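The values are calculated or read from the model by the stated rules, or taken from the named source; none is laboratory data. As the structure is a prediction and not an experimental result, all values here were calculated from the model. Note that we place each Cβ from the backbone using ideal geometry, even for glycine, and neighbour counts take in every protein chain shown. When the accessible area is computed, the model is the full protein with side chains, heavy atoms only, and any ligands, DNA or RNA have been set aside. Shrake-Rupley method; radii C 1.70, N 1.55, O 1.52, S 1.80 Å.
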Amino acid sequence: MIKAVRGTRDLLPPDTALWNFVEAAARDVFRLYNFREIRTPIFEQTQLFARSVGEETDIVSKEMYTWEDRGRAASDKGESLTLRPEATAGIVRAYIEHDLNRTGLLQKLYMMGPMFRRERPQKGRYRQFFQIDAEVIGPPAAGSESPSVDAELLEMLAQYLERIGITGWTLELNSVGCANDRPKYNEALRAALAKDIDKMCEDCRRRAVTNPLRVLDCKVPEDQPIIEKLPRMLDYLDESCRQHFQAVQDLLAAVGVPYVINSRMVRGLDYYTRTAFEFTHGALGAQNAILGGGRYDGLSESLGGPKAPGIGFAIGEDRLVSILAAQFAQGQNPQIAEDFGPFLNRPDAYLAPLGTGMNREAAKLASELRKQAIAVELGDESFRLKKSLETASKIYARYAVIVGENEVKADAFALKNLATGEQVTVPRAELARRIGLPEK
Ligand code: HAM
């Protein structure tokens, strides 16, 4: 039997209702902050990710789905392409390609969709997973470097999580400095690593030379005691980065978003400068980050674009949905059930044609009702009434409408409330209104 590929999965109804709910809520909340949607391709040139996410990261060095795309004609050159492992690089590429800097405005963009990383699959970690990503990017004159952009983005995230009913998260905040203070910090790291580097894993030994900041991202348990004693980036921030970080914190306090400082957090991508953050949640287990993000003030330039500082985040939608599903299953937060109920697509009415020739009548009635915004599931004239009513209950229809010869003649139909069992006869012209009335 052919099965879904390891690390990928099918999302089936009714679970998809939860996915639609979190996506619709994201669109609603993002609109309040004046974000607009962008959609970029699922694959890009490999170089894009190598140059932005960084050659030394796990994502680029181990986890990308990359292939050599053959030219169609003998004269066409092949090119190396990669399934996107994240969204930021593609969005910044699009920003540069379409010269959005020229608008002189902040671009506030969001995107939702699948990302691909060849990680070891486990709970909360997939090879195809979904992100809800948002980015704010623009020329400095538009205010793109301002700490208020950072704080607004974090406050938006807090509002979003509150809106969908997720509580108990922790915002972990750090500043990873900038092109000005990073070299001094790298030097300090190299110096501190010099005596212990022989005891560390192979990746760390290489990274200590090529990109020492990456050492902080090492997950090998034996290396952790050494990593814990390394100097902290926060002690090496230059004056402007220090002030920026302080301003972000002051604004967060002003808008009432709680946070903790995590000076070890470097994030798994190389483009970050200054503010870096993750929202973690205890219900997630080992893969505890619901979302992550940060500032990337030099990314556009490193891809050959104009100076266009930016900041963004990506929510791991799989993890978000799993928290909600667990809260829902445990009966916590009844508001969730109410809020996402409409996404379950419960039909308003099940039409039960009764007897030969009634499929035609039921089809006509169904069409009329649907034009009046009534969601209808159609039975079949070959079903006995008992089977029709059982089916109607199984699909959680609110009403069954019986379409038999007598009903058609009288132009009035038996309408059965499936929750109460109550049955009334309703003239055709009133049927839609009657079905559409809110439940008591
Ligand atoms: P990231 O931390 O690599 O950041 O991913 C963001 C979130 O995606 C993670 O916190 C996690 O919830 C989810 N995620 C990552 N990998 C997996 C996986 N294999 N399975 C399930 N969920 C996963 C970025 O991707 C940056 N582009 C975020 C960003 C946007 N920074 C600035 N702008």
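Projecting the Cα positions of Val176, Cys201, Gly331 onto the charge dipole of the chain (unit charges on Cβ atoms of Lys, Arg, Asp and Glu, taken about the Cα centre) puts Gly331 furthest along the positive direction. Counting only DSSP H runs of at least 4 residues, each contributing -39500 (n - 2.57), and dividing by the residue count of the chain, the helix-based mean residue ellipticity at 222 nm comes to -11000 deg cm²/dmol. Would you be so kind as to identify which of Leu11, Asn186, Pro258 lies farthest towards the positive end of the dipole of the chain, taking Lys and Arg as +1 and Asp and Glu as -1 on Cβ and the Cα centre as origin? Selected residue: Leu11.
Compute the Cα gyration tensor for the stretch 204-324, then decide on rounded, prolate or oblate, letting a ≥ b ≥ c be the square roots of its eigenvalues: rounded whenever a/c is under 1.5, prolate when a/b is larger than b/c in the other cases, and oblate in all that remain.
Details: a/c = 1.32, a/b = 1.02, b/c = 1.29.
Rounded shape, in that the Cα axes give a/c under 1.5.
Taking all protein chains into account, the per residue accessible area for the chain stands at 50 Å² (1.4 Å probe). Entry note, the stretch 74-168: relative contact order of 24 percent, from Cα contacts under 8 Å with a spacing of 6+ residues. Entry note, the stretch 178-280: relative contact order of 31 percent, from Cα contacts under 8 Å with a spacing of 6+ residues.
With only Lys, Arg, Asp and Glu charged, each at its Cβ (+1 for the first two, -1 for the last two), find how big the charge dipole of the stretch 263-406 is about the Cα centre; round to the nearest 20 debye. Dipole magnitude for the stretch 263-406 comes out near 80 debye. Pairs of Cα atoms nearer than 8 Å and 6+ residues apart set the relative contact order; for the chain it is 15 percent. Taking 0.36 nm per residue of separation and subtracting the current Cα-Cα distance, fully stretching the chain between Ala4 and Arg70 would add 21.1 nm. Here the peptides 41-50, 344-353 are ranked by packing, the mean other Cβ count within 10 Å, and the order with the highest first is 344-353, 41-50.
The overall shape of the stretch 44-132 is oblate: from the C-alpha gyration tensor, with semi-axes ordered a ≥ b ≥ c, the ratio a/c is 1.5 or greater and a/b is no larger than b/c. Using Cβ point charges alone (K and R +1, D and E -1), the dipole size of the chain about the Cα centre works out to roughly 920 debye.
Projecting the Cα positions of Ile38, Gln128, Leu105 onto the charge dipole of the stretch 10-164 (unit charges on Cβ atoms of Lys, Arg, Asp and Glu, taken about the Cα centre) puts Gln128 furthest along the positive direction.
Using the Cα gyration tensor of the chain, with a ≥ b ≥ c the square roots of its eigenvalues, what is the shape: rounded (a/c below 1.5), prolate (a/b larger than b/c) or oblate (neither)? Because a/c hits 1.5 or more and a/b exceeds b/c, the chain counts as prolate. Solvent-accessible area assigned to carbon and sulfur over the stretch 191-325 amounts to 54 percent, based on a 1.4 Å probe.
A crude spin-label estimate for the pair Leu385 and Leu105, with each label 7 Å from Cα along the Cβ direction, gives 6.2 nm.
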